[in-house]
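Have a look at the structure below before the remarks.
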Amino acid sequence: MAANDHISEPVQMEAPASRKRKTTDISDILQNGSGQVLSEADALIHSPDPSHPANHICELCKNFYTFGWVTGTGGGVSIRDDKHIFIAPSGVQKELMRPTDMFVMEYETKKYLRRPAWAVLVTLICEAGLQDHPIGSGKNVFAISEIEQIKGISRGGHGSSSTEILEGGRKAGNLGYYDTLKVPIIDNTAHEEDLKDTLEKAIEEWPEATAVLVRRHGVYVWGKDVAQAKTQCESLEYLFQLAVEMHRMGLKWVK
């Protein structure tokens, strides 16, 4: 899948009043069918009801892909259900989407109540030393090589304004297929505002970085403008998800 996949405008739908459910009252559904205890965030996207937004979006995306309305990882779908907005992720193949891939936002505050935890899992794998590599990953850096989506990441953080396409399909100023993408990892703090100093230090020490991972927290991504930041966030989201799946299969991130 290419980094320049077309991303269409999100299709936002509202659940009919007759089918609305209390998605905020989740204390009675903190266990799934197998008795596994769920977090409040995960309880929002688990339901046997096929009309539940998390299930409905997956079915819609699969149908849209079958109809040819979306290609690759392009296309966006969201559903507002009472106080929540359920959002399909970018960087995930639409026909293979699952409820656990969903983002959930609180409608009034626009605060995300749930984000897929790929970035967090990547930092935990690195922290445990399970992907250590002499020229790649370690406790304080995530690295991955020879994956097509790497070409969606710019060099030098803010990237290039060039639209020139080089051999191999990458934009001038972006990493190439045989380059090793490296993202620094910094330690988390009790309060997000306290990350300022270590975040700035990491950006200075890694001038080619376009993101910084925060251990057990998440990721900060930037670009030369909003469009590039969005595109790189989507590419990184895909790479983090792929890295977690590769690790589960016993595959190394860096050759």
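In region 78-116, how many are of a type in the set (D, E, K, R), at pLDDT 85 or above and over 14 Å from the mean Cα position of the chain (by Cα)? The qualifying residues number 6. Checked against the criterion of being modelled with pLDDT of 90 or more and either farther than 29 Å from M97 by Cα or surrounded by fewer than 18 Cβ atoms within 10 Å (Cβ to Cβ) (or both), the candidates K252, K224, K230 yield just one match: K252. Consider I203 carefully, then state whether it is under 20 Å from G129 (Cβ atoms), at pLDDT 85 or above and open to solvent by less than 80 Å² (accessible area, probe 1.4 Å). Criteria not met by I203. Within the bounds of region 57-69, is there any residue that is polar (S, T, N, Q), touching a helix residue (DSSP H, G or I) at 6+ places or on another chain (Cβ under 8 Å), in contact (Cβ under 8 Å) with a residue 12 or more places away in the chain and part of a loop (DSSP other than H, G, I, E, B)? No - not one qualifying residue is present in region 57-69.
Test I144 against the stated conditions and say whether it is surrounded by 15 or more Cβ atoms within 10 Å (Cβ to Cβ) and of a type outside the set (S, T, N, Q). Answer is yes for this residue. Contact map, region 199-225: residues that are at negative phi paired with residues that are part of a loop (DSSP other than H, G, I, E, B) and among the basic types (K, R), Cβ distance under 9 Å, separation 6+ or inter-chain. Pairs shown: E208/R155; T210/R155; R215/K139.
A119 satisfies every condition listed in (1) open to solvent by 30 Å² or more (accessible area, probe 1.4 Å); (2) within 13 Å of the chain's Cα centre (by Cα) except (1). So for region 105-114 (the condition being in contact (Cβ under 8 Å) with a residue 12 or more places away in the chain and either part of a helix (DSSP H, G or I) or under 15 Å from E237 (Cβ atoms) (or both)), does at least one residue qualify? Yes - at least one qualifying residue is present in region 105-114.
The values are calculated or read from the model by the stated rules, or taken from the named source; none is laboratory data. Here the structure is a predicted model, which means the values were calculated and not measured. Note that each Cβ is placed from the backbone with ideal geometry, even for glycine, and that neighbours are counted across all protein chains shown. Please note that ligands, DNA and RNA were not included when accessible areas were found on the heavy atoms of the full protein model with its side chains. Shrake-Rupley method; radii C 1.70, N 1.55, O 1.52, S 1.80 Å.
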